[in-house]
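Asks: After the structure tokens below, expect a handful of questions from me.
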């Protein structure tokens, strides 16, 4: 069993029987207690925020000194706390799975990565806010249970092209705040028009895989 929660912006929370992680923790809806690892895709303020990290340490992790934080070099250089550097092709072992790091490109980011997270045999792809997907991402051959993509209306065709290549079982649009959820709903309708299974999640909503 894997619980997947969308917390606003590009923040998702994954809770398995042995692993509890958060990606891009600029959340609008609070996570649950017990977070053990945090993964950051790039340096932009809607993906990494010191106040949110402090909140995680104070409220949502058992012991702050046990919290493992991962991110690309640009994040390590810009933020002065203990971050474990990752780069494309890095693999991070979890208690019941693995996280693979992929080359990625995000708007105006100096360095961005994507994460393919496998927990309990279920695979979630977090693509940050990319619309220009790398050849490494396009070359994923493993079965993906759920792929999160941004929902900028000018890039709907870019998302479609990529999703046709990797063929995830489910697509969920994210990277929005509460007042801007219409673009996510429009992307769901757009993708369904091309027979791609897509679902809208409101901020704070969760599902089980």
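Throughout, read-outs are computed from the coordinates displayed, never taken from laboratory work. Nothing here was measured: the structure is a model prediction, and the numbers come from that model. Counting neighbours? That spans all protein chains shown, and the Cβs are built from the backbone with ideal geometry, glycine included.
Asks: In whole Å, what is the distance between the alpha-carbon centres of region 107-147 and region 1-67?
Replies: 18 Å
Asks: Report the antiparallel proportion of the DSSP beta bridges in region 3-200 as a percent, rounded to a multiple of 5.
Replies: Of all bridge pairs located within region 3-200, approximately 60 percent are antiparallel.
Asks: Something else: Taking only Cα atoms, what is the 0 to 90° angle, nearest 10, from helix 156-166's long axis to the longest principal axis of the chain?
Replies: It works out to around 80 degrees.
Asks: Could you tell me how many degrees, from 0 to 90 and to the nearest 10, lie between the Cα long axis of helix 182-192 and the main elongation axis, the longest principal axis, of the Cα atoms of the chain?
Replies: Between helix and principal axis, roughly 50 degrees.
Asks: Using only alpha carbon pairs under 8 Å that are at least six residues apart, calculate the relative contact order of the chain and give it in whole percent.
Replies: 19 percent
Asks: In whole angstrom, how long is each semi-axis of the equivalent ellipsoid of region 3-200, when you take the square root of 5 times every eigenvalue of its Cα gyration tensor and sort them from largest down?
Replies: 25, 17, 17
Asks: Kirkwood Rh over alpha-carbon pairs of region 85-127, then Stokes-Einstein at 20 °C and 1.002 mPa s: what D in µm² s⁻¹, rounded to an integer?
Replies: 197 µm²/s
Asks: Something else about it: Note down the nm distance, to one decimal, between modelled labels 7 Å out along Cα→Cβ at residue 145 and at residue 54.
Replies: 3.6 nm
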